[in-house]
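What follows is a single structure, written as structure tokens, with notes after it.
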Amino acid sequence: MAEGTKTIEMEILRYRPEQDKKPFYQTYAVAFDNDWSVLQGLQYIKDELDSSLSFRWSCRMAICGSCGMMIDDVPRLGCRTFLRNYYPNKLRVGALEHFPIERDLVVVVDDFINKLENIKPYLIPKQPRKLEQGEFLQTPEQLEKYRQFSTCINCMLCYAACPQYGLDSKFTGPGILALMHRYNSDSRDDGRDERLELGHSEQGFWGCTAVAYCSEVCPKSVDPANAINQNKMGSAVDYFLRFISPQGTAK
Amino acid sequence: MSAPMDKRRPYTRSMAGWWKRDPYFIRYLAMEATSVLVAVYALILLIGLFRLSQGELAYNGWLGALKSPLSIGLHVLILLVFIYHTWSWFKVMPKTLPAFYLGGAKVRQSVITWAGVVVALVLNLLVLFILAGVKP
């Protein structure tokens with residue numbers, strides 16, 4: 001990568017489990033060009049200054065969700081944040097909050113992946129569909145019901161923005177609950193009852209206290225806080241309905 | 001051959017002082033804290049109702065206590081807190097509603113918030129108007 005014309009100081013959180021007791025910040029001087037993202041700054045450090053630095057990345061265009069990190073304490077995608085916006089000040093890059101640090105900027109995502117699998121993030125049709133039946137058809141209105149919530153890229157910025165998840169990781173968390181809402185709102189799906197047992201629990205929608213910072217930091221405007229909190233009403237109705245109709249699915 | 005030693009040692013960061021990390025969290029906690037003074041005001045009104053049930057003398061005592069400088073100061077503080085509480089409450093409101101459409105366009109969340117604020121304002125003015133018409 002060609003060197004740029006201006007130099008910015010990047011303070012990067014380092015943690016090498018084989019030698020460091022706890023994380024610390026290491027400062028690098030990065031010569032950058034106006035169009036460089038924070039991710040490019042990190043790549044420059046790895047290529048030219050310190051090959052031991054670890055971080056995740058892939059697509060460089062805000063669609064893979066790999067390069068989520070804390071940039072000046074705000075959860076952001078490294079590829080979507082530009083160094084010029086911080087220059088001439090220095091900037092601080094850390095691993096995503098609320099996740100254990102595996103190494104440097106790489107966090108342990110096992111909890112997120114397990115929870116993602118738990119909500120059955122796929123269509124569960126009422127009856128298995130045969131090939132000759134053709135495709136599932138939907139009206140634009142039916143699509144609109146879930147489209148916004150389907151654009152999640154699993155970057156986990158919302159988890160780094162959610163103090164409830166940080167304080168108690170039993171909470172399913174914003175992104176995955178938004179995805180649960182996405183499948184439950186899909187006209188082709190019939191798996192609602194299977195998913196809502198978790199959704200209606202304290203680990204589900206009720207673990208959210210409407211801090212709503214998740215929706216602010218989401219790079220795809222999914223608005224997880226909206227997905228979660230609009231379910232509380234249905235959840236409350238479901239709770240009271242069981243007194244009238246005990247045959248329901250509520251437990 | 002022995003099993004390879006696991007070099008993994010994930011580091012979990014402390015959540016102590018988490019609310020100081022971001023101004024957003026401070027605003028969130030301020031929003032939550034306003035509920036305390038809202039409850040205090042409800043308590044003041046309830047005490048008034050209780051004193052009313054005890055007769056005219058008791059009720060006048062309560063009214064007198066409201067006129068003390070300490071009470072007036074507290075009420076000014078409660079008024080300011082109520083204004084922030086109203087604003088933050090309606091700011092959260094669109095998060096609790098499913099999207100709805102007017103004339104084919106999705107209603108923006110800021111419109112919902114401001115609609116709530118305007119309704120609150122109109123209702124408060126209405127109450128003030130009615131109170132102004134009541135002869136003491």
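Let's see how each residue does on (1) more than 13 Å from A:Ala95 (Cβ to Cβ); (2) in contact (Cβ under 8 Å) with a residue 12 or more places away in the chain; (3) of a type in the set (Val, Ile, Thr); (4) out of contact with any Ser or Thr (no Cβ under 7 Å at 6 or more places or on another chain):
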residue: A:Lys21; (1), (2), (3), (4): yes, no, no, yes
residue: A:Phe24; (1), (2), (3), (4): no, no, no, yes
residue: A:Phe32; (1), (2), (3), (4): yes, yes, no, yes
residue: A:Gln40; (1), (2), (3), (4): yes, yes, no, yes
residue: A:Gln43; (1), (2), (3), (4): yes, yes, no, yes
residue: A:Lys46; (1), (2), (3), (4): yes, no, no, yes
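Per the conditions (1) part of a loop (DSSP other than H, G, I, E, B); (2) more than 14 Å from chain B (Cβ to nearest Cβ); (3) open to solvent by less than 20 Å² (accessible area, probe 1.4 Å), the sole criterion not satisfied by A:Leu42 is (1).
Here's the yes/no breakdown for (1) within 19 Å of the chain's Cα centre (by Cα); (2) not basic (Lys, Arg):
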residue	(1), (2)
B:Ser71	no, yes
B:Leu74	yes, yes
B:Ile78	yes, yes
B:Phe82	yes, yes
B:Trp89	yes, yes
B:Met93	yes, yes
B:Arg108	no, no
B:Ile112	yes, yes
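Mind checking whether some residue in segment A:148-163 is surrounded by fewer than 23 Cβ atoms within 10 Å (Cβ to Cβ), touching a Lys or Arg at 6+ places or on another chain (Cβ under 6 Å) and farther than 16 Å from A:Leu116 by Cβ? No: segment A:148-163 contains no residue that is surrounded by fewer than 23 Cβ atoms within 10 Å (Cβ to Cβ), touching a Lys or Arg at 6+ places or on another chain (Cβ under 6 Å) and farther than 16 Å from A:Leu116 by Cβ.
Test of understanding: among B:Leu49, B:Leu63, which residue is modelled with pLDDT of 95 or more, surrounded by 10 or more Cβ atoms within 10 Å (Cβ to Cβ) and not small (Gly, Ala, Ser)?
Values: B:Leu63 fails: modelled with pLDDT of 95 or more.
Among B:Leu49, B:Leu63, only B:Leu49 is modelled with pLDDT of 95 or more, surrounded by 10 or more Cβ atoms within 10 Å (Cβ to Cβ) and not small (Gly, Ala, Ser).
Any residue in segment A:71-78 that is out of contact with any helix residue (DSSP H, G or I) (no Cβ under 8 Å at 6 or more places or on another chain), among the aliphatic types (A, V, I, L, M), crowded, with 17+ Cβ neighbours inside 10 Å and part of a strand (DSSP E or B)? No, segment A:71-78 has no match at all.
Within segment A:100-138, if we keep just the residues that are within 14 Å of chain B (Cβ to nearest Cβ) and open to solvent by 60 Å² or more (accessible area, probe 1.4 Å), the residue that is nearest to B:Ser14 (Cα to Cα) turns out to be A:Arg103. Selection within segment B:1-42: residues that are open to solvent by 100 Å² or more (accessible area, probe 1.4 Å) and either touching a helix residue (DSSP H, G or I) at 6+ places or on another chain (Cβ under 6 Å) or farther than 30 Å from A:Glu216 by Cβ (or both). The member of this set that is nearest to the other protein chains (Cβ to nearest Cβ) is B:Arg9. Can you find a residue in segment A:96-113 that is in contact with a His (Cβ under 9 Å, 6 or more places away or on another chain) and either free of Cβ contacts under 8 Å to residues at least 12 places away in the same chain or under 30 Å from B:Ala105 (Cβ atoms) (or both)? Scanning segment A:96-113 turns up no residue that is in contact with a His (Cβ under 9 Å, 6 or more places away or on another chain) and either free of Cβ contacts under 8 Å to residues at least 12 places away in the same chain or under 30 Å from B:Ala105 (Cβ atoms) (or both). Can you name the residue in segment A:18-35 that is assigned to a loop (DSSP other than H, G, I, E, B) and away from chain B (no Cβ under 14 Å) and is also nearest to the chain's Cα centre (by Cα) among such residues? It comes out as A:Asp35.
Filter segment A:217-233 down to the residues that are under 12 Å from the mean Cα position of the chain (by Cα), charged (D, E, K, R) and open to solvent by 20 Å² or more (accessible area, probe 1.4 Å) and list them by number. Full working, then the answer.
Our first condition is that a residue be under 12 Å from the mean Cα position of the chain (by Cα); within segment A:217-233, this holds for A:217-224.
When the remaining residues are screened for being charged (D, E, K, R), the result is A:220, A:223.
A:Lys220 - this is the single residue of segment A:217-233 that is under 12 Å from the mean Cα position of the chain (by Cα), charged (D, E, K, R) and open to solvent by 20 Å² or more (accessible area, probe 1.4 Å).
Consider segment A:198-216 and keep the residues that are within 9 Å of another protein chain (Cβ to nearest Cβ) and open to solvent by 30 Å² or more (accessible area, probe 1.4 Å). The one that is modelled with the highest pLDDT is A:Glu216. Restricting attention to segment B:80-108, the residues being open to solvent by less than 60 Å² (accessible area, probe 1.4 Å) and either among the small types (Gly, Ala, Ser) or more than 8 Å from chain A (Cβ to nearest Cβ) (or both) number 9. Checking each residue in segment A:49-63 for being open to solvent by 50 Å² or more (accessible area, probe 1.4 Å) and either outside any loop (DSSP other than H, G, I, E, B) or in contact (Cβ under 8 Å) with a residue 60 or more places away in the chain (or both) picks out A:Leu49, A:Ile63.
The values are calculated or read from the model by the stated rules, or taken from the named source; none is laboratory data. All values reported here derive from a predicted model rather than from experimental measurement. Don't worry about glycine lacking a Cβ; one is built from the backbone with ideal geometry, like all the others, and counts go over all protein chains shown. Just so you know, the surface numbers come from the protein's heavy atoms only, side chains and all, with ligands and any DNA or RNA stripped out. Shrake-Rupley method; radii C 1.70, N 1.55, O 1.52, S 1.80 Å.
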